[in-house]
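Notes follow the structure.
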Amino acid sequence: MKVLVTGVAGFIGMPAAKSLLARGATVVGVDNFDPYYDVALKEARLATLDGQRGFSFQRMDLADAAATAKLFRDHAFTHVGFAPLVSGIDQDPPGARRAEGNRVTLPDVDHVHLEARAGDAYHRPP
């Protein structure tokens with residue numbers, strides 16, 4: 001099982017990645033280290049995963065559709081754990097983009113779901 005865990009340095013993503021690794025999964029974690037939450041805390045969470053067998057990390061912003069597409073091309077994910085959350089995530093109309101600094105809208109990252117479906121990695125969490 002090869003799992004993409006987004007928001008891997010966050011309070012949901014890090015324990016999810018740890019649990020998956022303990023079950024023998026290969027985990028590719030991504031995070032953009034958005035400063036909405038304390039970056040030092042995120043770095044400390046990521047440090048608990050560094051060096052664990054089966055774990056790799058890529059610092060990237062999922063709002064970058066081209067980088068996200070490359071991520072899915074480079075890895076044969078069987079599952080996607082989608083946790084790039086910040087308080088107050090909005091469901092803005094299609095085509096909406098970040099209107100203010102840290103604000104993420106669902107259309108910003110909707111292509112993650114499309115890539116997962118195209119690559120047959122669209123499953124419920126294991």
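Each reported figure results from applying straightforward, stated rules to the coordinates on display, with no laboratory input. All of these numbers come straight from a predicted model, not from anything done at the bench.
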Spherically averaged projected area in nm², based on the convex hull that wraps the Cα atoms of segment 1-67: 4.3
Computed lengthening from Ala40 to Ala67, 0.36 nm per intervening residue step minus Cα-Cα distance: 7.3 nm
Fully extended contour minus Cα-Cα distance, from Arg23 to Ala47, at 0.36 nm per residue: 6.7 nm
Lysines whose Cα lies under 21 Å from that of Lys2, excluding same-chain neighbours fewer than 8 positions away: Lys18, Lys70
